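The structure appears right after this line, and notes come after that.
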Amino acid sequence: MTVQGGIGQSIKRKEDARFIRGKGTYVDDVKLPGMLYLDIVRSPYAHAYIRNINIEKALKVPGVLAVIRGKDLEAANLAWMPTLMSDRQMVLPIERVMYQAQEVAAVVADSRYAAADGVAAVEVDYEPLPVVVDPRKALEPDAPILRPDREKKTNHIWHWEVGDRKGTEELLRKSEVVVKENIYIPRILVSSIETCGCVADLDPVSGKLTVWMTTQAPHAIRTVFALVAGLPEHKIRIISPDIGGGFGGKVPVYPGYVIAVVASLKTGHPVKWIEDRSENLQADSFARDYHITAEIGATKDGKLTALLVKTIADHGYTDAAANPSKFPAGLFHIITGSYPFAKAFVEVDGVYTNKPPGGIAYRCSFRVTEAAYTIERIVDILAQKLGMDPAELRLRNFIRPEEFPFKSALGWTYDSGNYHGALRKAMDMIGYDELRKEQEEKRKRGELMGIGISSFTEIVGAGPSHTFDILGLKMFDSCELRIHPTGKVIARFGTKSQGQGHETTYAQILAEELGIPADDIAVEEGDTDTAPYGLGTYASRSTPTAGAAASMAARKVRDKARGIAAHLLEVSPDDLEWKDHKFQVKGVPGKAKTMQEVAFAAYTNLPPGMEPGLEAVSYYDPPNMTYPFGSYICAVDIDKETGVVKVRRFVAVDDCGTIINPMIVEGQIHGGLTMGFAAAMLEEISYDENGNAWGGTFMDYLLPTAVETPKWETAKTTTPSPHHPIGAKGVGESATVGAPAAIVNAVMDALSPYGVTNIDIPITPWKVWKVLHEKGA
Ligand code: MCN
Ligand code: CUM
């Protein structure tokens, strides 16, 4: 017997009732009496001394009430703030600006327009300084030191390594075939529909600070605000209302948030700050920017041996990456991917440059995108060198289903997988053998067609508290569940949906566990005054952590409910079984009580001595990460005359274990594939030698529209996670992680007759044309 909206049903999203009517409440919809507006003065220079900031004219602009500078913040010890990676970051500068578009001062006014006029009237006297854009140059001995405030007088932030360096080097030396490639994964930025912003309201009477804020992690923000600003935590309320896309870009604390709080304190009014699109693109947390050298070894017949990876990570002027504290390069060491290497070694060096800070954000699962891209690219380059079909090379090497749980060469324990199954299914769907035949014929005619595979392994669900924390906060998550007398439910969570559909899918987990229709279950997130503590939504962790907490809380409720049902049925609790979503007397299916009947009794007719009420809380600390995976195959045609790459077909087989809502998962995969396509073909933010951002507006930061986006063909296999209560793994980032390598592998496959092994993304027509031209095609 199924329950309405139980696990596996493609019910429509509950939240869409308000979204499609334009009735969502986003931060910019919050309007409070007496609210003021904040706008920010930003630096035109990438590196400069600030000689003077003259605010006189700005203060005369009608409607302008205050101008805030770094030295105003210094008095409150707020000119700098700590980053998540134990570095520090300017809220507003006192002496120097470090990147173009950095916040320099803030204007508070009674309208958004007056604030903007005020910004235009602030006069800043800069003295330009030498700019460092290339992280490799930043490491040269004569490079200007960008962070003299740090004890170590060097632009090198940290070195991090994992694995067996000597063993890997030795094994590579002994390997019959070795290939090595330099791969650059450029800076990209999330372009959510909604930019970042907040409304800060510090009530002068109660002393309570309420901040409506575009954040993916409201509880963590509350604690960080308490620790940094010294405010009592119960007097801070962070509300993350509806969010128009996060994708990682709404994890960091941006200076604008802090300045808005200070402005509210200073003026005694609520203050709103909303970024515009260019500010969002130019100053917010970036993703990628990894300069990677990968080397892979194999035997002549294609058995993989060892993997060695060196990386320079460009962090901009401060290390403000959002990673679990123990991992400065995120989970990059998932880079051995779907393969059982005997030896592997990875090292990463973090470097300062004159660029905006950040790191990891953009549907990445903590640098898993970089890892999956590198391993899936280098395996293809190896196949090319071996003269072996890339599908064959993968099938020969994949970790076998019976080897799970599998310990990777870099120390992760993969929970479950069936990589052969996913790749074979994708090959069947796309008609792999026929495509290869077609390719052979086309090659004879001089036409360029390519087929690319990506068989990625993800790692999501941070995480087990023994390994995963952010600034010491353990990365569990939570569900608080209460059943009302009439059998209706409210459940609150420590995570925060930004479009993923949590109001629907959490209700589905609870419906399945409680036998109560999903329509009768309200889900709330994002208000720290009401939701249980949790670390928030990113790294596809909500299903592995808070989703599991939903199951565990429901099972606690069921334990109590069993006693009430036994009382109602006048049997011993041991005589009951939970079957078909109700408590039944064993062997007497007609004698049963539903959860709704039990709920009413929990408030009206309890067994003697039992506390009234029916509720439970679960803080779920997962025993392991979950390891979703997939195999993607892409077929491209390239126009020799123009270098234009056309994705003809793209087949994606994903496996995220038990699926809660197939329609939502398909939506996640479609969106993720489109973002992966964007990274592979279009998006890049780069800098000229003076540190001017190229790609700071949508005129030249290219997003895919429906016109460019290929038609996605999706399918699934189901390999449940053995340690998750319902066997689910995360899926929110899989497609963005897996897609780019499939596309680039297809392009390189098309170009392989010319001996081309790599073109760095984005694969623009110009880059392709240039290579073809150089090779005389
Ligand atoms: N789901 C499911 N069955 C599974 C796994 C997931 O039905 N086996 C559902 C979940 O219940 C949830 C959705 O799929 O509704 C995504 O779940 P999960 O993989 O747990 O990821 P999170 O909810 O933690 O979302 C975070 C993830 C990340 S990190 C980025 S980045 C990203 C992504 O989600 N940002 C998004 N997808 C996004 N989608 C939208 N619309 N907006 C964003 O900002
Ligand atoms: Cu790295 S983007 Mo998501 O983890 O919010």
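Here region 1-33 is the region considered, the condition is being outside any loop (DSSP other than H, G, I, E, B) and aliphatic (A, V, I, L, M), and the residue that is farthest from Ile659 (Cα to Cα) is Val27. In the set Ala220, Ala263, only one residue is crowded, with 20+ Cβ neighbours inside 10 Å, within 28 Å of Asp349 (Cβ to Cβ) and not assigned by TED's automatic domain parsing to the domain that holds Asn692; that residue is Ala220.
Taking Ala531, is it touching a Gly at 6+ places or on another chain (Cβ under 8 Å) and more than 16 Å from ligand 2 (Cβ to nearest atom)? Against the criterion (touching a Gly at 6+ places or on another chain (Cβ under 8 Å) and more than 16 Å from ligand 2 (Cβ to nearest atom)), Ala531 qualifies. In region 462-470, the condition of being in contact with a strand residue (DSSP E or B) (Cβ under 6 Å, 6 or more places away or on another chain), away from ligand 1 (no atom under 14 Å from the Cβ) and in a loop (DSSP other than H, G, I, E, B) is met by at least one residue. Per the listing Tyr362, Tyr352, the residue uniquely buried (at least 24 other Cβ atoms within 10 Å of the Cβ), within 16 Å of ligand 2 (Cβ to nearest atom) and outside the structural domain of Ser43 (by TED's automatic domain parsing) is Tyr362.
Among residues of region 88-103 that are under 17 Å from Ala321 (Cβ atoms) and in contact (Cβ under 8 Å) with a residue 12 or more places away in the chain, those with a beta-carbon under 7 Å from a residue that is crowded, with 24+ Cβ neighbours inside 10 Å and of a type in the set (Gly, Ala, Ser) at least six positions away or on a different chain give the pairs Gln89/Ala320; Tyr99/Ala46; Tyr99/Gly316.
Residues considered: Val190, Val162. Of these, the only one that is within 16 Å of ligand 1 (Cβ to nearest atom), closer than 30 Å to Ala741 by Cβ, in contact (Cβ under 8 Å) with a residue 60 or more places away in the chain and surrounded by 15 or more Cβ atoms within 10 Å (Cβ to Cβ) is Val190.
A single entry from Gly446, Gly501 fulfils the requirement of being among the small types (Gly, Ala, Ser) and within 16 Å of ligand 1 (Cβ to nearest atom): Gly501.
Quick check, is Ile459 under 30 Å from Asn605 (Cβ atoms) and either crowded, with 24+ Cβ neighbours inside 10 Å or among the β-branched types (Val, Ile, Thr) (or both)? Here the answer is no, as Ile459 does not meet what is asked. Among the residues of region 477-495, those that are closer than 12 Å to Tyr620 by Cβ and outside any strand (DSSP E or B) comprise Gly494, Thr495. In summary, Ala507 fulfils each of the numbered conditions (1) more than 16 Å from ligand 2 (Cβ to nearest atom); (2) outside the structural domain of Phe583 (by TED's automatic domain parsing); (3) within 26 Å of the chain's Cα centre (by Cα) with the single exception of condition (2).
In summary, Asp760 fulfils each of the numbered conditions (1) part of a helix (DSSP H, G or I); (2) touching a strand residue (DSSP E or B) at 6+ places or on another chain (Cβ under 6 Å); (3) away from ligand 1 (no atom under 15 Å from the Cβ) with the single exception of condition (1).
The values are calculated or read from the model by the stated rules, or taken from the named source; none is laboratory data. No experiment lies behind these values; they were computed from the predicted model shown. In this analysis, Cβ positions are derived from the backbone assuming ideal geometry, glycine residues included, and neighbour counts consider all displayed protein chains.
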